[in-house]
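Okay, so here's the structure we're looking at.
The values are calculated or read from the model by the stated rules, or taken from the named source; none is laboratory data. Keep in mind that this is a model prediction, so the values were computed, not measured. Methodologically, a virtual Cβ is constructed for each residue, glycine included, from the backbone with ideal geometry; neighbour enumeration extends over all protein chains shown.
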Amino acid sequence: MNDEAVILVLTPPRLAVCSKVNALGFTATLASDSSGAEAYDHSRTVRYWRLNFLFSLVFFVPILLIKLVPSVRIAQYNADNTMLTIQC
């Protein structure tokens with residue numbers, strides 16, 4: 001094993017990635033709690049899209065049922081207990 005592989009194994013993965021990016025000539029640092037890490041919190045966006053999805057389901061499910069119910073075969077029985085199938 002070369003020295004570079006040993007260094008990557010001994011350091012935490014995030015620091016190893018930062019050091020590799022810095023070695024390529026770019027600037028990479030880990031976000032600390034005071035450096036605006038809340039900007040990466042997408043909980044409001046997730047909540048917004050979840051509510052929109054549930055709202056759309058409220059209208060989609062009844063329409064789906066209205067569309068599918070007529071296409072389902074309806075079983076009816078005669079007086080002699082033989083089944084007739086009627087397709088709407």
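Values for this structure:
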| read-out | value |
| --- | --- |
| Any chance VAL9 is over 31 Å from the mean Cα position of the chain (by Cα) and either surrounded by 10 or more Cβ atoms within 10 Å (Cβ to Cβ) or at pLDDT below 85 (or both) | yes |
| Any hit, the stretch 43-61, residues being modelled with pLDDT under 90, surrounded by 10 or more Cβ atoms within 10 Å (Cβ to Cβ) and of a type outside the set (Ser, Thr, Tyr) | no |
| In the stretch 41-67, the residues that are closer than 30 Å to ALA31 by Cβ and of a type in the set (Ser, Thr, Tyr) | SER43, THR45, TYR48 |
